[in-house]
Amino acid sequence: QEVGQDVVLDVTLATGVVVYTPAEEPLIWDFETDTGDWEFCNTRAHHDLEQGGDCSGQGGIWFGQTGLDNCDGVGYGNNWNEAIQITVAVNREAPATLRLDHRNGTEPGYDYCYVDVRPAVQTAQWTTLDALDGIQSCRTDEWTIPQSVLDAAPVHADPLVLIQVRLRLESDGAWSGEDGFFCGVGWWIDHIEIDHRTVTAAGEVPGLPEAATLAPATPNPFNPSTNLSYRVPAGARSIRLDVFDERGRLVRTLVNEHPGAGWQSVNWDGRDGAGRMAASGSYLARLVVDGVVRTQKLALLK
């Protein structure tokens with residue numbers, strides 16, 4: 001199963017994406033350049049660079065579409081049931097929280113944006129943490145994952161258990177951008193964070209392999225060059241490290257090879273793939289190791 005490919009909503013654990021990270025780091029997706037490890041059901045939820053409104057990020061996941069005959073061509077439709085989901089390993093012995101930076105615009109009382117979690121078992125019932133409706137500007141919301149979900153989740157490597165997180169937009173049969181009676185953006189998600197941190201003497205969760213890690217660039221901001229250090233887990237099959245501009249365009253590929261394990265570093269001299277000096281501004285370093293994505297923001301000053 002490839003990341004970003006359409007899948008049935010209730011995937012089995014064997015086809016789910018499990019994200020491993022060190023215990024001292026939360027799981028973070030900022031969607032600046034792609035959809036990361038999230039799986040998609042239906043096709044109307046997608047990566048977007050245009051509908052963020054007052055959210056700070058350039059890229060996000062948008063439950064919406066363009067090309068409508070009403071609402072200036074932008075909105076969501078009737079009878080939608082669009083979802084994205086992911087399977088993650090979290091610590092059942094510490095509070096686990098889900099945090100979203102997002103904005104929504106759906107018909108109040110009829111069309112909802114659902115935040116759901118469940119144990120990573122195909123037959124398990126979803127627990128709804130929130131059902132959002134109406135028009136709300138960009139903000140940060142946080143929910144605690146219920147202990148009952150963690151207690152029922154299958155053990156991966158004690159105390160880590162596997163849960164699934166699902167974000168879903170559901171609309172009824174009328175009053176949306178499709179028929180022009182309600183003009184709302186749908187749901188635009190700028191940033192997702194799952195915090196499952198624990199305190200261990202070694203700083204790593206026992207039983208887990210080393211995670212792919214991209215450390216903050218040094219120096220940053222920089223002129224004219226900066227160093228990027230990254231960690232490759234043992235047994236990794238592929239690695240790619242790219243630099244993108246604020247609009248999500250590829251500026252330079254720094255690493256694209258069969259990886260060696262452990263910490264490594266590479267220098268970016270501030271030039272693009274053709275050898276031209278990049279303009280001053282914000283950039284994104286993106287590390288992909290066997291489909292696991294890590295990002296760091298860069299600032300080039302002239």
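Derivation of every value follows stated rules applied to the coordinates shown; laboratory data play no part. Quick caveat: nothing in here was measured; it's all calculated off a predicted structure. Please note: Cβ atoms are built from the backbone with ideal geometry, for glycine as well, and neighbour counts cover all protein chains shown.
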TODO: Name the residue, out of Ala212, Ala285, Ala94, whose mean-square fluctuation peaks in a Gaussian network model built on the chain with Cα pairs under 10 Å.
DONE: Ala94
Task: Rounded to 5, percent antiparallel among DSSP beta bridges of the chain - done: 95
Task: Debye, to nearest 20: dipole size of the stretch 213-300, +1 on Lys, Arg Cβ, -1 on Asp, Glu Cβ - done: 100
Task: Qualifying GluC sites (Glu not before Pro) for the stretch 24-71 [loop in DSSP, other Cβ within 10 Å: at most 13] - done: Glu24, Glu50
- [ ] Using Cα pairs closer than 8 Å and at least 6 residues apart in sequence, work out the relative contact order for the chain, in percent.
- [x] 20
TODO: First check a/c for the stretch 67-132, with a ≥ b ≥ c the square roots of the eigenvalues of its C-alpha gyration tensor; if it is under 1.5, answer rounded, and if not, answer prolate when a/b is larger than b/c or oblate otherwise.
DONE: prolate
TODO: Kindly put Thr106, Thr123 in sequence by how many other C-beta atoms sit within 10 Å of each C-beta, fewest to most.
DONE: Thr123, Thr106
TODO: Only Lys, Arg, Asp and Glu count, each charged at its Cβ (+1, +1, -1, -1), so figure out the dipole size of the chain about its Cα centre, rounded to 20 debye.
DONE: 1200
Task: Cα centroid separation - the stretch 30-60 against the stretch 231-302, whole Å - done: 20
Task: FRET efficiency for Val155 and Ser225, using Cβ-Cβ distance with R0 set to 51 Å, rounded to 0.05 - done: 0.65
Open item on the list: I need Val165, Val266 ordered by Cβ neighbour count within 10 Å, fewest first.
Closed with: Val266, Val165
TODO: Restricting attention to the chain, give the cysteines that have no other cysteine Cβ less than 4.7 angstrom from their Cβ.
DONE: Cys41, Cys113
- [ ] Using volume of the Cα convex hull per residue in Å³ as the read-out, say which of (1) 206; (2) 284; (3) 138 was calculated from these coordinates.
- [x] (3)
